[in-house]
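Here's the structure, in structure tokens; my notes come after.
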Amino acid sequence: MKIIVNVAMKQDDIIKTVEAVEGLEAKFIEKKGLKLYFEVNESQKDPAAYVKKVLKAVPQYGALYYAVENVK
């Protein structure tokens, strides 16, 4: 399964954070414009919601606008 994180700023930091999320095993695949593509395992029922929850918990990303979506 794949997820896409749409974010304009701090993309390198977001990549490191998503790859470090425990229980997800995310691997960065590619960047197309504002979209960051990750391959994730299917251990989470809704990986996009899980990643969004993790990103919201990081104080540095409080002012960022981002969207996370599942891709099949």
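The values are calculated or read from the model by the stated rules, or taken from the named source; none is laboratory data. Because the structure is predicted, anything quoted here is derived from the model rather than measured. We place every Cβ from the backbone using ideal geometry, glycine too, and count neighbours over all the protein chains shown.
Residues that are loosely packed, with under 13 Cβ neighbours inside 10 Å and of a type in the set (A, V, I, L, M, F, W, C) within the stretch 59-70 comprise Ala63, Ala67, listed in sequence order.
When the stretch 39-55 is limited to residues that are exposed (fewer than 13 other Cβ atoms within 10 Å of the Cβ) and farther than 16 Å from Lys27 by Cβ, the one that is nearest to the chain's Cα centre (by Cα) turns out to be Lys53.
Looking at the stretch 40-52, is at least one residue over 14 Å from Lys2 (Cβ atoms) and touching a helix residue (DSSP H, G or I) at 6+ places or on another chain (Cβ under 9 Å)? Scanning the stretch 40-52, I find no residue that is over 14 Å from Lys2 (Cβ atoms) and touching a helix residue (DSSP H, G or I) at 6+ places or on another chain (Cβ under 9 Å), so the answer is no. Would you please name the residue that is surrounded by the fewest Cβ atoms within 10 Å (Cβ to Cβ), looking only at residues in the stretch 1-33 that are assigned to a loop (DSSP other than H, G, I, E, B) and of a type outside the set (Gly, Ala, Ser)? Here the answer is Glu22. Checked against (1) among the hydroxyl-bearing types (Ser, Thr, Tyr); (2) out of contact with any strand residue (DSSP E or B) (no Cβ under 8 Å at 6 or more places or on another chain); (3) at pLDDT 95 or above, Tyr66 passes all but condition (2). Can you go through Leu55, Leu36 and tell me which one is modelled with pLDDT of 95 or more, in a strand (DSSP E or B) and within 11 Å of Val18 (Cα to Cα)? None of the other options fit; the residue is Leu36.
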